[in-house]
Amino acid sequence: MRRIKVPYIIFKTKSGIYGIDAYTSLRVEKVERAATLIRRFDKMPSMIKMEETELALISKDNVGDFLIRLKDYTKNKAASKLNQRFKKMRRWNLFRFLGIPTGHSRHISEEERLAKENREALLALSILNVVLKGDVEPLGYSFIELEIRDDGVYIDGKKDGVYTELLKVDMRAAIALLELAR
């Protein structure tokens, strides 16, 4: 079991007070995964407010710009993946109509991959649409203490689904969290 203190930037918008992981958000493999690291401030256990931390890769001054760029990126990625899916479906249906064999299982696996990427971008976009209402006002830094165990990541003795899943699917985020444990 390893204990890690992860820095968070606390910010306020019209929809409430939130925190974003200021270290792991810039270390994920896919940019849209950073949106899953946003938490409501009132639901953040064992938060200790601080003025500054050297571990934060996102500063208070640019957290608003970071979140707006993240929203724009995820919106473009979701639209792009949807267009790719439609383009592949149209081409595949044309070949099927003409009786040209093109490999059914290959098309199915490609469609599943594109659908997964599209769902991930849409999830991030829906989170950001809820959070980013009005201007982003940074309030300060804080941190959450995580426990990394064999069966997942725990916060205050409760299993955290976001960090547990992130360790499974995102190698760069897992390495970043383990670097914090040193």
Item to check | With all protein chains modelled, accessible area of Lys87 [1.4 Å, Å²] | outcome: 120 Å²
Checklist entry - So, in nm, how far is label Ala181 from label Leu94 when the simple model puts each one 7 Å beyond its Cα toward the Cβ? => result 5.1 nm
Checklist entry - Hey, if you put +1 on the Cβ of every Lys and Arg and -1 on every Asp and Glu Cβ in the chain, which of Leu177, Gly99, Leu57 ends up farthest toward the positive end of that dipole? => result Gly99
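First compute the accessible area of the chain with a 1.4 Å probe, then give the percent of it belonging to carbon and sulfur atoms.
Numbers: 5630 of 10580 Å².
Answer for the chain: carbon and sulfur cover 53 percent of the accessible area.
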Next on the checklist: Cut-off under 19 Å on the C-alpha distance; same-chain residues fewer than 8 positions from Lys71 excluded. Which aspartates and glutamates are left, in chain and number order?
Outcome noted: Asp21, Glu29, Glu32, Asp61, Glu117, Glu120, Asp135, Glu137
Checklist entry - Under unit Cβ charges (Lys, Arg +1; Asp, Glu -1), what dipole magnitude, rounded to 20 debye, does the chain have relative to its Cα centre? => result 980 debye
Checklist entry - Roughly what would the spin-label model give for Lys30 and Ile17, points 7 Å off Cα along C-beta, in nm? => result 3.3 nm
Next on the checklist: Just to compare against my own numbers: the Cα pair-distance distribution for the chain, 10 Å bins, whole % per bin, please.
Outcome noted: 9, 32, 30, 15, 9, 4, 0
Next on the checklist: Pick from Arg172, Arg39, Arg90 the residue whose mean-square fluctuation is largest in a GNM of the chain, springs joining Cα atoms under 10 Å.
Outcome noted: Arg90
Checklist entry - Does segment 114-182 come out rounded, prolate or oblate by the C-alpha gyration tensor, with a ≥ b ≥ c the root eigenvalues, rounded set by a/c under 1.5 and, if not, prolate when a/b is larger than b/c and oblate if not? => result oblate
Checklist entry - What longest region of the chain stays clear of GluC sites (Glu not before Pro) that DSSP places outside H, G, I, E and B and that have at most 12 other Cβ atoms within 10 Å? => result 55-182
Item to check | Rel. contact order, % - alpha carbon contacts under 8 angstrom, at least six apart, the chain | outcome: 40 percent
Checklist outcome for this item: Nearest-0.05 FRET efficiency for Ile68 and Lys168 at R0 = 30 Å, using Cβ-Cβ distance, is 0.55
Checklist entry - Lys/Arg Cβ at +1, Asp/Glu Cβ at -1, dipole of the chain taken about the Cα centre: which of Ile108, Ala121, Ala22 is farthest positive-ward? => result Ile108
Checklist entry - Mean residue ellipticity at 222 nm from the helices of the chain, using -39,500 (n - 2.57) per DSSP H segment of n ≥ 4 over the full residue count, to the nearest 500 deg cm²/dmol? => result -16000 deg cm²/dmol
Item to check | Surface accessible to a 1.4 Å probe, per residue, for the residues of the chain, Å² | outcome: 58 Å²
Checklist outcome for this item: For the table Lys60/Lys88; Lys5/Lys81; Lys87/Lys159; Lys88/Lys158; Lys60/Lys158; Lys14/Lys168, the rows whose alpha-carbon distance is greater than 31 Å are Lys60/Lys88; Lys5/Lys81; Lys87/Lys159; Lys88/Lys158; Lys14/Lys168
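The values are calculated or read from the model by the stated rules, or taken from the named source; none is laboratory data. Keep in mind that this is a model prediction, so the values were computed, not measured. Note: ideal-geometry Cβ built from the backbone for every residue, glycine included; neighbour counts use all protein chains shown. The area values use the complete protein model at the heavy-atom level, side chains included, leaving out ligands, DNA and RNA. Shrake-Rupley method; radii C 1.70, N 1.55, O 1.52, S 1.80 Å.
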